[in-house]
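Here's the structure, in structure tokens; my notes come after.
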Amino acid sequence: MKIYTKTGDKGTTALFGGTRVPKHHIRIESYGTVDELNSHLGLIRDQDIHQNYKDLIVHIQDRLFTVGAILATDPEKAILKNGKARLNIPKISEENINLLEKEMDSMNDALPPMTHFVLPGGHQTVSFCHIARCVCRRAERLATALNDMQPIDPKALMYLNRLSDYLFVLARKLSYDLQANEIKWIPEKE
């Protein structure tokens, strides 16, 4: 299979189902941002962190491919003529969302209470988590804007929302694990 098809040379691309849309279409922006997030997670996974974090990140990356596939599917062509779903893959489930919540609760139990906002940084790995969190929030904003135009699977939206929270808690936990300096944001006085 060739990687280049030349079909996008005029600024359009195909969704699952064949519908062609401009490459700047919000649906493309949405799943493209999810892809960008997935790449940032790969960068976090490549760091010297505990294997449990790496294993969960692989699982999250798998789920993000599902979110991307959901976003890349033309809703008008989501069901085939035989009545079956075009996407023959496991969807985002309540269990996927609950897993993120469980992991956040577990990490939070090991952390000192948060009394202030924290400035991103302190260690390169922590910074990668904060960048991924910001990209996840952007993916969520784009997906919710798309949802206003053409409804998408609500669990995909919930997953993105929970994932950005998870990445924040992971950044804090990695700061703790790596003994990085977590700088509180205390507004300057006038």
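The values are calculated or read from the model by the stated rules, or taken from the named source; none is laboratory data. For clarity, every value in this text was computed on a predicted model and none was experimentally measured. Virtual Cβ from ideal backbone geometry, glycine too; neighbours counted across all protein chains shown. These area figures cover heavy atoms from the full protein model, side chains too; ligands, DNA and RNA do not enter into them. Shrake-Rupley method; radii C 1.70, N 1.55, O 1.52, S 1.80 Å.
Looking at the stretch 41-51, can you tell me whether even one residue there is at pLDDT 80 or above and of a type in the set (Lys, Arg)?
We begin by selecting, within the stretch 41-51, every residue at pLDDT 80 or above; these are 41-51.
Filter again for of a type in the set (Lys, Arg), leaving 45.
Within the stretch 41-51, one or more residues are at pLDDT 80 or above and of a type in the set (Lys, Arg).
If I ask for residues that are open to solvent by less than 20 Å² (accessible area, probe 1.4 Å) and touching a residue at least 60 places away in the same chain (Cβ under 8 Å), which ones from the stretch 119-145 would you list? Write out each step before concluding.
Going through the stretch 119-145, the residues open to solvent by less than 20 Å² (accessible area, probe 1.4 Å) turn out to be 121, 125-126, 129-130, 132, 135-136, 139, 143.
The answer is Gly121, Thr125, Cys129, Ala132, Val135, Cys136, Ala139, Ala143.
Quick one: which residue in His40, His24 is within 19 Å of Arg138 (Cα to Cα) and assigned to a loop (DSSP other than H, G, I, E, B)? Before the answer, list the steps.
Details: His40 fails: assigned to a loop (DSSP other than H, G, I, E, B).
Step by step, each of His40, His24 is checked, and only His24 is within 19 Å of Arg138 (Cα to Cα) and assigned to a loop (DSSP other than H, G, I, E, B).
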Item checked: Check on Asn108, surrounded by fewer than 16 Cβ atoms within 10 Å (Cβ to Cβ), in contact (Cβ under 8 Å) with a residue 60 or more places away in the chain and assigned to a helix (DSSP H, G or I) -> yes
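Is it the case, given these coordinates, that Asp74 is at pLDDT 85 or above and out of contact with any strand residue (DSSP E or B) (no Cβ under 6 Å at 6 or more places or on another chain)?
Working: at pLDDT 85 or above: yes; out of contact with any strand residue (DSSP E or B) (no Cβ under 6 Å at 6 or more places or on another chain): yes.
Against the criterion (at pLDDT 85 or above and out of contact with any strand residue (DSSP E or B) (no Cβ under 6 Å at 6 or more places or on another chain)), Asp74 qualifies.
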Note to self: Pairs needed: first member in the stretch 57-74, more than 23 Å from Thr125 (Cα to Cα); second member anywhere, among the basic types (Lys, Arg) and part of a loop (DSSP other than H, G, I, E, B); C-beta distance under 7 Å; at least 6 residues apart or different chains.
What the structure shows: Thr66/Lys91; Thr73/Arg86
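In the stretch 1-21, which residues are in a loop (DSSP other than H, G, I, E, B) and over 17 Å from Gly68 (Cα atoms)?
Once the filter is applied, which keeps residues that are in a loop (DSSP other than H, G, I, E, B) and over 17 Å from Gly68 (Cα atoms), the stretch 1-21 yields Met1, Lys2, Ile3, Tyr4, Thr5, Lys6, Thr7, Gly8, Asp9, Lys10, Gly11.
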Next item on the list: Determine which single condition Glu95 fails, assuming it passes every other condition in (1) at pLDDT 95 or above; (2) under 16 Å from the mean Cα position of the chain (by Cα); (3) within 26 Å of Gln150 (Cα to Cα).
Entry: (2)
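Is it true that Leu163 is among the hydrophobic types (A, V, I, L, M, F, W, C) and modelled with pLDDT under 95? Spell out how you get there, then give the answer.
Working: among the hydrophobic types (A, V, I, L, M, F, W, C): yes; modelled with pLDDT under 95: no.
No; evaluated as a whole, the condition is false for this residue.
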Margin query: If I go through the stretch 146-179 residue by residue, how many of them are closer than 21 Å to Leu111 by Cβ, in contact (Cβ under 8 Å) with a residue 24 or more places away in the chain and open to solvent by 20 Å² or more (accessible area, probe 1.4 Å)?
Written below: 7
Checklist line | Scope the stretch 2-55; condition within 21 Å of Ala145 (Cβ to Cβ), touching a Lys or Arg at 6+ places or on another chain (Cβ under 6 Å) and without any contact (Cβ under 8 Å) to a residue 12 or more places away in the chain; matching residues | finding: Thr12
